[in-house]
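Below you'll find the structure, written out as structure tokens, and then a few comments.
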Amino acid sequence: MDEHDTIVAVASGVGAAPRAIVRVSGTGVARICDQAFVSPLPIGASASRLRLGAIGYSLPVLTLRGESPRTYTGEDTLEVVVPGGAAIVPRVLDRLIELGARPARAGEFTERAVRTGRLSLDRAEGVAAIIAAQNEHELLAARRLLDGTWGRRLAEWSDGVASLLALVEAGIDFTDQEDVVPIAPRDLVARTRVIAGQIESHIRTGGEGSFDGRARVVLAGAPSAGKSTLFNALLGRDRMVTHASPGTTRDAVGEGVVLRGPFGDVALKLVDTPGLEAGGPNVPQKNEPSGADAEAQSAAHRAIESATLVVWCDPTGRFDPHAAPRGTHVVRVRTKGDLPTAANDPARANHADATVAGVIPVCALDAWNMGMLRDAIGSHASRLAMGSGVLPRHRHALDRAHAALHDAIAAAAQDGHALRAPELVASGLRGALDALGEIVGVVTPDDVIGRVFAAFCVGK
């Protein structure tokens with residue numbers, strides 16, 4: 001990176017505050033320090049005066065100047081602590097841009113830490129997870145990413161797979177010498193199964209909790225609440241039959257869908273359910289259903305009980321608390337948002353009030369607010385995965401590693417003295433190693449790095 005790629009951004013929070021931090025990183029830091037400050041700026045922490053204007057106007061500031069590679073980004077850095085006034089901070093930022101820095105992209109400081117080897121990609125995701133954490137459980141999981149606990153487990157698996165791959169490839173080099181067998185098929189299979197089993201266990205339990213990273217999102221509500229229409233809209237295709245008559249849906253039907261979350265794409269299973277009589281699972285019913293109706297109600301209740309997230313659909317917007325699904329995370333959605341609500345319904349006076357109150361009004365027919373709903377579902381599902389210690393991106397890579405290890409096992413015949421198809425075994429092991437390496441950034445394509453840091457905020 002040259003001097004023209006020196007970056008700057010406000011690294012502190014948005015809004016008024018007594019102090020704000022402006023961060024600079026890149027090869028142009030030394031030159032900017034020479035031109036921006038009244039007196040020479042030493043390495044380390046100091047008090048100085050920042051020259052803001054050409055006519056000598058200056059501002060007292062605290063500074064922290066660091067030399068590469070012993071900085072967060074691995075580059076020369078400068079942090080300037082200034083008064084947090086709404087007029088001052090933009091002026092400081094503009095001055096540093098005038099001197100040659102450019103505005104940083106979202107997450108670019110942490111991205112540079114990855115590219116210079118100061119952080120692995122999984123630990124960088126821990127930075128974003130800590131910023132986004134909303135409770136102690138999420139914060140603990142984020143800390144496991146940032147402190148390297150998860151990275152050390154990945155390193156153990158990678159080292160084990162790499163050792164096996166080296167033995168298999170050594171055997172390929174000596175295929176013409178029958179007495180040279182670096183590893184017997186039975187030993188290879190046994191060791192590979194141990195690693196595959198550990199990965200499978202982590203996928204299933206998240207290493208710490210019971211959530212397996214595959215969010216099950218269930219649409220629930222009264223008959224004719226618009227669940228199936230919403231289901232089709234979220235899928236982007238007509239999967240369910242819709243009709244104005246109640247009782248059209250008679251069974252719980254699930255389909256896979258991928259939505260965007262704060263930690264990347266998250267794969268989930270979206271489930272449509274029969275309408276719940278009397279408005280919800282917790283309201284006593286006057287007339288117990290029988291036959292097909294009873295089976296439909298039972299299917300709906302089972303789906304809700306197994307859900308990791310319930311999208312509670314109510315076209316009236318009342319959301320009777322006695323009918324609320326219990327024991328799970330809930331997103332409240334006022335369906336059929338194209339229809340007016342009752343004028344005497346104070347809870348649904350207008351759409352803006354509904355959104356502020358935590359209710360998302362949508363119209364699945366014209367896609368009004370569907371983006372907001374997709375973001376809400378993706379965020380909830382992604383946070384559940386974060387709390388379990390398995391980010392969606394990591395989950396996808398672990399799935400590929402697990403499948404590749406089983407490909408290697410299948411290619412390794414156990415009844416012979418040597419491997420019959422060592423090239424196929426090596427291919428499987430190499431695929432597993434590449435998938436594990438993608439998590440920590442060892443073999444990560446640039447487009448994967450880009451997706452990771454797109455979730456960051458500017459200044460981090």
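Identification of helices (runs of 4 or more DSSP H) wholly contained in segment 390-460 with 1 or more residues that are open to solvent by less than 10 Å² (accessible area, probe 1.4 Å) and modelled with pLDDT under 75 yields 392-411, 446-453.
Counting the residues of segment 1-31 that are more than 19 Å from VAL89 (Cβ to Cβ), in contact with a helix residue (DSSP H, G or I) (Cβ under 6 Å, 6 or more places away or on another chain) and either assigned to a strand (DSSP E or B) or open to solvent by 10 Å² or more (accessible area, probe 1.4 Å) (or both) gives 1. Taken over segment 68-105, the criterion of being small (Gly, Ala, Ser), under 28 Å from GLY15 (Cβ atoms) and in contact with a strand residue (DSSP E or B) (Cβ under 9 Å, 6 or more places away or on another chain) is satisfied by GLY84, GLY85, ALA101, ALA104.
Looking only at segment 102-109, decide whether some residue is farther than 22 Å from ARG19 by Cα, assigned to a helix (DSSP H, G or I) and within 18 Å of the chain's Cα centre (by Cα). The answer is yes; a qualifying residue exists. The condition (being part of a loop (DSSP other than H, G, I, E, B), modelled with pLDDT of 80 or more and either open to solvent by less than 20 Å² (accessible area, probe 1.4 Å) or among the hydrophobic types (A, V, I, L, M, F, W, C) (or both)) is satisfied by just one residue among ALA225, ALA244: ALA225.
So, in segment 1-53, exactly how many residues are without any contact (Cβ under 8 Å) to a residue 60 or more places away in the chain and within 14 Å of THR73 (Cα to Cα)? Number satisfying all stated conditions: 2. Looking across segment 32-61, the residues that are hydrophobic (A, V, I, L, M, F, W, C) and either touching a helix residue (DSSP H, G or I) at 6+ places or on another chain (Cβ under 9 Å) or outside any loop (DSSP other than H, G, I, E, B) (or both) come down to ILE32, CYS33, ALA36, PHE37, LEU41, ALA45, ALA47, LEU50, LEU52, LEU59, VAL61. Scanning segment 140-154 for residues that are more than 16 Å from the chain's Cα centre (by Cα) and either of a type in the set (D, E, K, R) or surrounded by 23 or more Cβ atoms within 10 Å (Cβ to Cβ) (or both) yields ASP147, ARG152, ARG153, LEU154. The sole residue among ARG332, ARG326 that is at pLDDT 85 or above and open to solvent by 70 Å² or more (accessible area, probe 1.4 Å) is ARG332. Within segment 81-93, at least one residue is over 25 Å from ALA128 (Cβ atoms), open to solvent by 40 Å² or more (accessible area, probe 1.4 Å) and assigned to a loop (DSSP other than H, G, I, E, B). A single member of GLU98, GLU75 is under 19 Å from ARG31 (Cα atoms) and touching a residue at least 40 places away in the same chain (Cβ under 8 Å), and it is GLU75.
The values are calculated or read from the model by the stated rules, or taken from the named source; none is laboratory data. As the structure is a prediction and not an experimental result, all values here were calculated from the model. FYI the Cβ positions are ideal-geometry reconstructions off the backbone, even for glycines, and counts take in every protein chain you see. Areas reflect the complete protein model, heavy atoms only, side chains present, ligands, DNA and RNA absent. Shrake-Rupley method; radii C 1.70, N 1.55, O 1.52, S 1.80 Å.
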